[in-house]
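A short write-up of the structure that comes next.
The values are calculated or read from the model by the stated rules, or taken from the named source; none is laboratory data. On a predicted model such as this, the values are computed, not experimentally measured, just so you know. Reconstructed Cβ throughout: ideal geometry from the backbone, glycine too, with neighbour counts over all protein chains shown. Just so you know, the surface numbers come from the protein's heavy atoms only, side chains and all, with ligands and any DNA or RNA stripped out. Shrake-Rupley method; radii C 1.70, N 1.55, O 1.52, S 1.80 Å.
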Amino acid sequence: MPKQKGIFQIVGTINGVCYYKRNGEFISRKAVGPSKERIANDPAFKPVKQNNQEFGMASHFSKAIRQGLPSSIARCRDTYMASRMSGICRKIIQKGSGAKGEREANLQNCPEALIGFELNKYHSFSEAYLATPQVSINQDRSRASISIEKISPNQLRICPSSATHFQLTATLSLVPNYQWQPEIQQYQTDYPESIGLSNTKYTKPLSCHTEHLNINLRPITPTLGNLPPDLAITIWLGISYLHFHQKQFQPLSSQQAAQCIAVW
């Protein structure tokens with residue numbers, strides 16, 4: 001270990017270097033954190049281990065939600081969307097049953113945490129689009145309905161000047177719950193086949209300069225037999241803009257927005 005030299009000797013940690021006294025001598029060394037094995041097995045690090053387990057599950061849970069989003073919606077996300085969603089998933093896990101570090105990840109425990117989540121916080125759906133959708137689902141959860149009574153041009157707040165039309169996208173996606181499995185020391189789901197399953201419906205291109213009445217989108221639940229009650233359903237609504245030119249609709253990449261509008 002290198003010894004401290006000079007008139008003044010210190011004890012503590014500065015800029016990643018640990019200074020301390022041992023056997024009457026002042027020593028300095030690079031500060032090193034606890035090993036992975038120590039965190040896993042030392043009772044003193046139990047809170048750290050618990051947090052690590054749930055943070056890891058939050059990231060995995062976030063990925064399971066994102067896998068159900070079609071590219072038409074997912075491409076409008078901002079750079080930090082995945083980490084923002086992981087933060088939401090951490091809050092959902094904190095509402096789950098079980099001991100800390102082993103609490104279940106289930107959207108149905110805290111649906112309000114995800115409802116209103118914006119894929120792009122800089123181009124939020126709630127600010128871009130002022131029409132209020134009515135969302136419902138049938139009794140066996142096989143089909144959702146998104147109904148909008150009226151959309152007028154002044155409700156399209158971020159419509160690019162080059163846009164001639166807009167299009168709404170509604171996606172229904174399945175999200176399984178995860179339980180801690182003590183025998184293997186990790187989270188697992190009973191429904192891995194549901195991850196990424198979704199159904200998306202689009203409106204036809206709608207003129208940006210015309211009022212539109214009674215718009216309905218009805219995405220269906222992907223077939224899994226009888227849908228388990230603890231398998232969550234998320235509903236997402238997005239808006240994109242188009243330019244009609246030479247008898248073709250060309251998508252405009254700017255100012256797209258999407259939001260989670262319901263969880264069952």
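In a simple Cβ point-charge model (Lys, Arg +1; Asp, Glu -1; nothing else charged), the stretch 157-264 has a dipole of about 660 debye relative to its Cα centre. Taking the Cα centre of the stretch 75-153 as reference, the dipole from Cβ charges on Lys and Arg (+1) and Asp and Glu (-1) amounts to some 220 debye. Rounded to the nearest 20 debye, the dipole size of the stretch 49-194 about its Cα centre is 360 debye, using +1 on the Cβ of Lys and Arg and -1 on the Cβ of Asp and Glu. Dipole orientation for the stretch 186-264: of the candidates Q188, N216, C260, N216 has the Cα lying most toward the positive pole (charges on Cβ; Lys, Arg +1; Asp, Glu -1).
Surface composition of the stretch 76-162: carbon plus sulfur atoms hold 44% of the accessible area, using a 1.4 angstrom probe and ignoring ligands, DNA and RNA. Looking at the stretch 174-246, the GluC sites (Glu not before Pro) that sit in a DSSP loop and have at most 12 other Cβ atoms within 10 Å of their own Cβ are E183, E211.
Which of the aspartates and glutamates could be linked to K204 by a straight reach, that is with a Cα gap under 18 Å, when you skip same-chain ones fewer than 8 residues away? Reachable aspartates and glutamates: E149.
With all protein chains kept in place, the per residue accessible area of the stretch 216-264 amounts to 48 square angstrom at a probe of 1.4 angstrom.
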